[in-house]
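Novice: Before we start, here is the structure in question, set down as structure tokens.
Derivation of every value follows stated rules applied to the coordinates shown; laboratory data play no part. Since the model is a prediction, treat every value here as computed from it, not as a measurement. Every residue, glycine among them, receives a Cβ derived from its backbone with ideal geometry; neighbour counts consider all protein chains shown.
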Amino acid sequence: MSLEQFKDRNVGTQNYITMDTGKTPEGSMCKFKQVVKRTFKGELFVGLWVTMKAMLKALFANDMHTVKYPFEKLPISPRYRAIHDMLRLLESGNYRCIGCGLCEKICISNCISMDTRYDEEQRKEVSEYTINFGRCIFCGYCAEVCPELAIVHGPRYENAAEQRAGFSLFEDMLTPIDKLNLQQEYDGFGAISPNADENIKKTPLAY
Amino acid sequence: MEATLVENLPQVTALGVIIKAVIILAVLSALAGFGTFIERKVLAFMQRRLGPMHVGPYGMLQIAADGIKLFTKEDIIPQNANKLIFMIAPIITAATAFIALSAVPVFPDFTVPEFIPLIGGTFVPSIAADINVGILFVLGMMAAGLYGPLLAGMSQANKWGIIGSARTAIQFLSYEVVTGLSILAPIMLVGSLSFVDFNDYQSDGIGSWLIWQQPVAFVLFLIAGFAETNRTPFDLLEHEAEVVSGYATEYSGMRWGMFFIGEYANMITVAIIASVVFLGGYDAEGVLGWLFIIFKIAFFFFLMLWVRASWPHIRPDQLMWFCWKVLMPIALLNILITAIVILV
């Protein structure tokens, strides 16, 4: 199944066919005619052909719908909101989070807790950052409010863990430094729209 | 052709018949088990699924897993059930299915090689019991097989079971007359009840198959055969969507398994009868003939699965209406016309 098909949630645009059931026969002659018509119309063979076609297509035209789940996965929407990811800057490899605290402030289930301090160069650094996933409702406000696109929702929806703290530490969510080249930009909530450049207008100087 | 062959054949001994019976039991039980795998696979493909995939290559060993499960499951007998009848009922289904197969030609004649101790040199016949009323015997045994579901449903102190057995009675009353009348016309043409005579009658190639002379009887027999084996358009006895599991509601483990071995053995029997009576049986001599009949049997088996994937099933009252008011008059007309043609 392609991503486009999967994302098509517009019920009604699919090709539904209304069945023409005809009129209910009145009188025994009409009933008899209907029985004869249905007997020799071969509708049963149409049904047989439908299943045979489905089987041939499934076997030889690669139209099998089964997804062997742990081995194969369906593509998920880029707007899917699973376990959070903390992204890094591509150039320097530093984490993008500037410790502004907006995500902690906006979180409606109060599950983000963070602490910051000044490092030796008097720059703000995140000393502690955890998300309590027992409370998180995956609303996406944190990703939407983040000015640096630092906290985003990732694609990891298989979030069973042996401990409560699984996935929830800053280091767990941060892109590993050796996998920086694999880091994906997030397209969902709070991301820059594709036509962001066109929407930028110069601030008028004269009034 | 067959007459000269029979003269040249060695004497059929009791030992040969016993060996044949063991072979039929072993191979047909295994085939019935494999039939469940084939059924699951074909139904899955027709619904664009993969079916069993994890036990062995392409799920081929699924029957082994199923067998282990069935054998090790607890054999539960409900508290208020009539215990004796509850225990006997599945045996009736399985036993009658295999007894019916004793009068049907399965696998070629062969002689056990001499080097095997004790049974070396024994001639093993193609038909375990070559009786001259073969067709009547087989149909009668398959009909007796329905006592299994009937008694099972009534003995288990379960209302779904009662409904299942009531439906068994309805089904039994409906199809039996059609089976008998539909196969009567070919019997009149051939003038014999023996499978060997049917086979010889159609031995002149495809043009001599009885299906061309008796297309109506073929269709009627096929419909009645579906009812006889409880296959989908008529699977009223244990339709899960309506009556939980019908007559098999309280059964578990190998007793439940025996019902299914019986059902699949019956499917194979109906496929064999349809192939021998209407589709020419063994057209060619030797190995090629056996390949032909195996192909025909496989086609009918596949047809049963195919129909199950395609068609909805009907209500019990519709089955009765259909069999008594539509199929029986057509069967009678068919017999009448056949008789007139034979006389004229």
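Novice: Tell me, Kirkwood radius of chain A from alpha-carbon pair distances, in Å?
Specialist: The Cα-based Kirkwood calculation yields 22.7 Å.
Novice: Filter chain B for me: DSSP H helices, axial length by Cα at least 27 angstrom, mean Kyte-Doolittle hydropathy not below 0.0. List them by residue number.
Specialist: Taking the DSSP H segments of chain B (at least 27 Å long, mean hydropathy at least 0.0), we get B:14-46, B:83-101, B:159-190, B:253-278, B:286-310.
Novice: How far is it, in nm, from the label point at A:Met29 to the one at B:Ala169 when both lie 7 Å from their Cα along the line to the Cβ?
Specialist: 4.1 nm
Novice: Which whole number in µm²/s is D for the range A:30-93 by Stokes-Einstein, with the Kirkwood Rh taken over Cα pairs at 25 °C and 0.890 mPa s?
Specialist: The calculation lands on 139 µm²/s.
Novice: Mind checking the range A:29-113 for GluC sites (Glu not before Pro) that DSSP puts in a loop (not H, G, I, E or B) and that have at most 12 other Cβ atoms within 10 Å?
Specialist: Values: sites: A:Glu43, A:Glu72, A:Glu91, A:Glu104; in loops: A:Glu72, A:Glu91.
Qualifying residues, ordered by number: A:Glu72, A:Glu91.
Novice: Sequence neighbours fewer than 8 away in the same chain don't count; with that in mind, list the lysines whose C-alpha is under 28 Å from B:Lys41.
Specialist: Leaving aside lysines fewer than 8 places away in the same chain, those within reach of B:Lys41 are A:Lys53, A:Lys57, A:Lys68, A:Lys73, B:Lys69, B:Lys73, B:Lys296.
Novice: Let me ask you something else. Using alpha carbons only, how many angstrom separate the centre of the range B:84-102 from the centre of the range A:49-78?
Specialist: Using only Cα atoms, the two centres lie 41 Å from each other.
Novice: Now a separate question. For the range B:114-271, take the convex hull of the Cα atoms, compute a quarter of its surface area, and give me that in nm², please.
Specialist: Mean shadow area of the hull around the Cα atoms is 12.7 nm².
Novice: State the percent of C-alpha pairs, over all pairs in the range B:17-172, separated by a distance greater than 24 angstrom.
Specialist: 55 percent
Novice: Please report the orientation-averaged projected area of the range A:155-197, defined via the convex hull of its C-alpha atoms, in nm².
Specialist: 4.6 nm²
Novice: On to the next question. Tell me which lysines have Cα within less than 25 Å of B:Lys325's Cα, excluding those fewer than 8 residues away on the same chain?
Specialist: A:Lys23, A:Lys31, A:Lys33, A:Lys37, A:Lys41
Novice: Mind checking the angle between helix A:43-60 and chain A's longest principal axis? C-alpha axes, 0 to 90 degrees, to the nearest 10.
Specialist: That works out to roughly 40 degrees.
Novice: Taking a temperature of 4 °C and a viscosity of 1.567 mPa s, what whole-number D in µm²/s does Stokes-Einstein yield for the range B:7-343 with Rh from Kirkwood over alpha carbon pairs?
Specialist: Estimated diffusion coefficient is 61 µm²/s.
Novice: Still on this structure, I have one more. Please state the relative contact order of chain B as a whole percent: Cα pairs under 8 Å, 6+ residues apart?
Specialist: Contact order relative to length: 23 percent.
Novice: Would you mind pulling out the separation of the Cα centroids of the range A:162-207 and the range B:215-248, in Å?
Specialist: 61 Å
Novice: Mind listing the Cα extents of the range A:23-65 along all three principal axes, in Å, largest one first?
Specialist: Cα extents, longest axis first: 50, 17, 8 Å.
Novice: Still on this model: Given a Förster distance of 51 angstrom, what is the FRET efficiency for B:Ile206 paired with A:Ile76, based on the Cβ-Cβ distance and rounded to 0.05? Could the numbers behind the result be given before it?
Specialist: Details: r = 56 Å, r/R0 = 1.10.
Calculated transfer efficiency: 0.35.
Novice: Let me ask something else. Would you mind checking the radius of gyration and Dmax of the protein assembly as shown based on alpha-carbon positions, in Å?
Specialist: Radius of gyration, then largest Cα-Cα span, for the protein assembly as shown: 34.4, 120 Å.
Novice: In degrees from 0 to 90, rounded to the nearest 10, what is the angle of the helix A:27-41 Cα long axis to the longest principal axis of chain A?
Specialist: 70 degrees
Novice: Also: Taking the range A:41-123, which chymotrypsin sites (Phe, Trp or Tyr not before Pro) meet the DSSP loop condition and have no more than 11 other C-beta atoms within 10 Å?
Specialist: Answer by residue number: A:Phe71.
Novice: Using the beta-carbon distance between B:Phe34 and B:His54 and R0 = 25 Å, what value does 1/(1 + (r/R0)^6) give for FRET efficiency, to the nearest 0.05?
Specialist: 0.90
Novice: Hey, what did the range B:57-152 get for relative contact order, percent, Cα under 8 Å, at least 6 apart?
Specialist: It comes to 35 percent, rounded to a whole number.
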